[in-house]
Amino acid sequence: MTPDETVSLDELERKLPQPAELHAMTEANLRAAFAGESQAAEKYLVFAEKAAADGLPNVANLFRAISFAETRHARNHWRALGGIGATADNLQTAFEGESFEIDEMYPAYVEVARVQSDKQAFKSMHWALKAEMDHKRMYAEARAKVLAGGDVAAQPVSVCQVCGHTVIGDVPDNCPVCAAARQAYRTFV
Amino acid sequence: MTDAFKNTPPKPEKLGAMTEEDLKAAFAGESQASQKYLAFAATADAEGYPNVGRLFRAVAYAESTHARNHLSVLGGIGGTADNLKAAWGGETFEIDEMYPAYAAVAKLQGNAEAGTSIRYALTAERDHQKIYDTTAKGVGAGDDLGDAAIRVCPICGHTVIGDAPDECPVCGTAGQFFSTF
């Protein structure tokens with residue numbers, strides 16, 4: 001097969017693993033593999049930042065490229081698990097994940113970090129909990145729009161690179177969660 | 001503009017055992033949320049919801065910052081030589097232990113689609129292990145990697161340094177579709 005200009009990436013994506021009825025052990029293994037690939041992808045992004053800071057731009061580039069490869073594996077596994085639905089369903093899945101983190105996971109973890117006097121861990125958990133509250137609201141609003149047949153408004157979405165605070169529209173002068181200056185925000189346009 | 005980042009990400013600290021366990025679980029959760037949202041963004045784009053796609057991508061990035069913060073507190077970020085060694089160790093575990101076991105079970109259970117997803121990953125992890133190994137040796141001797149482009153197959157994750165092949169040797173995707181870094 002030679003490269004064919006008429007072949008689109010969409011067509012190629014049909015070669016991706018498809019959702020299928022899975023036996024219990026294979027499903028458990030795919031879930032573990034999805035968890036492993038996701039964590040590898042995140043670690044490599046962090047390692048890329050460190051390599052850039054260490055004056056090794058080409059090692060940083062390598063970490064970014066391999067992180068992307070791991071995101072492809074994570075997507076393939078998640079897809080085979082039947083985890084990717086229509087956008088309205090995906091927004092519901094996302095909303096439920098954020099709700100669990102807000103109602104159950106982070107309050108418990110924050111409390112344990114407090115009991116154990118682990119201040120840095122407390123800060124890391126607390127910042128995440130705060131941002132998940134914004135995410136939950138944004139996902140609920142987006143799902144309502146999509147169910148009504150529309151997209152959400154075309155506005156930039158900005159994220160504080162220190163704590164993850166997420167805002168639609170104008171960026172505040174200082175992050176309301178961690179007080180970083182507005183220059184610390186990364187904007188998605 | 002270092003001032004903008006005055007309130008720095010959390011630092012490593014000596015952790016109580018339960019807090020350490022919680023942080024590891026939170027790192028796993030944030031990492032998976034980020035990856036799900038990136039996949040959901042691609043679906044939203046394909047369905048004609050580019051602004052929902054943007055929302056998913058931005059929130060995926062927010063979850064990445066949380067994952068980084070948790071990893072930092074866990075002491076998971078070393079110097080680059082150590083990070084390359086950690087990355088090599090992770091790939092080696094996947095190649096020697098995890099994926100062969102998963103591939104065998106998928107075959108036993110007749111789950112062909114899962115088998116494909118696992119085979120694609122296992123094959124690419126071998127590329128990554130080899131590249132991390134040579135890169136770690138270079139960095140150990142004080143050298144950066146060369147500046148050749150790195151190309152990744154968007155279907156199976158096959159990774160090469162230098163030119164893309166005419167077609168991916170793992171999944172057959174044309175080289176023109178490889179992502180270039």
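The values are calculated or read from the model by the stated rules, or taken from the named source; none is laboratory data. Please read these numbers as outputs of a predicted model, since none were measured by experiment. Positions of Cβ are backbone-derived with ideal geometry, glycine not excepted, and every protein chain shown enters the neighbour counts.
Got at least one residue in the range B:43-62 being in contact with a Gly (Cβ under 9 Å, 6 or more places away or on another chain), modelled with pLDDT of 95 or more, assigned to a loop (DSSP other than H, G, I, E, B) and among the aromatic types (Phe, Trp, Tyr)? Within the range B:43-62 (the criterion being in contact with a Gly (Cβ under 9 Å, 6 or more places away or on another chain), modelled with pLDDT of 95 or more, assigned to a loop (DSSP other than H, G, I, E, B) and among the aromatic types (Phe, Trp, Tyr)), the answer is yes, since at least one residue qualifies.
For the range A:56-70, filtered to residues that are at the interface with chain B (Cβ under 7 Å from one of its Cβ atoms) and of a type in the set (A, V, I, L, M, F, W, C), the residue that is farthest from the chain's Cα centre (by Cα) is A:56.
Residue-by-condition table, conditions (1) β-branched (Val, Ile, Thr); (2) at pLDDT 95 or above; (3) crowded, with 18+ Cβ neighbours inside 10 Å:
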site	(1), (2), (3)
A:2	yes, no, no
A:18	no, no, no
A:39	no, yes, yes
A:43	no, yes, yes
A:57	no, yes, no
A:89	no, yes, no
A:105	no, yes, yes
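Report whether or not residue B:49 is of a type in the set (Ser, Thr, Tyr), in the same structural domain as residue B:137 (by TED's automatic domain parsing) and under 26 Å from residue A:84 (Cβ atoms).
no
Listed by first and then second residue, the pairs with beta-carbon distance under 6 Å, at least 6 apart or on different chains, first residue in the range B:150-164 and more than 8 Å from chain A (Cβ to nearest Cβ), second surrounded by fewer than 24 Cβ atoms within 10 Å (Cβ to Cβ) and among the charged types (D, E, K, R), are B:160/B:151; B:164/B:151. The set of residues in the range A:45-55 that are buried (at least 18 other Cβ atoms within 10 Å of the Cβ) and more than 7 Å from every other protein chain (Cβ to nearest Cβ) contains only A:48. The requirement of being farther than 22 Å from residue B:86 by Cα, crowded, with 20+ Cβ neighbours inside 10 Å and either modelled with pLDDT of 95 or more or over 15 Å from the mean Cα position of the chain (by Cα) (or both) is fulfilled somewhere in the range B:157-168, by at least one residue. Checking every residue in the range A:150-173 against the condition of being at pLDDT below 95 and on the phi > 0 side of the Ramachandran plot gives zero matches. Of everything in the range B:135-148 that is part of a helix (DSSP H, G or I) and either exposed (fewer than 12 other Cβ atoms within 10 Å of the Cβ) or more than 10 Å from chain A (Cβ to nearest Cβ) (or both), the residue that is nearest to the chain's Cα centre (by Cα) is B:137. Among the residues examined, residue B:19 qualifies as crowded, with 16+ Cβ neighbours inside 10 Å and among the hydroxyl-bearing types (Ser, Thr, Tyr). Tallying residues that are over 24 Å from the mean Cα position of the chain (by Cα) and of a type outside the set (Gly, Ala, Ser) within the range B:106-119 yields 4. When residue A:148 is tested against the conditions (1) among the hydrophobic types (A, V, I, L, M, F, W, C); (2) out of contact with any helix residue (DSSP H, G or I) (no Cβ under 9 Å at 6 or more places or on another chain); (3) in contact (Cβ under 8 Å) with a residue 40 or more places away in the chain, the lone failure is (3). The residue list B:94, B:125, B:63 contains one member that is crowded, with 23+ Cβ neighbours inside 10 Å and more than 8 Å from chain A (Cβ to nearest Cβ), which is B:125. The set of residues in the range A:71-99 that are more than 7 Å from every other protein chain (Cβ to nearest Cβ), in a helix (DSSP H, G or I) and more than 22 Å from residue B:49 (Cα to Cα) contains only A:99.
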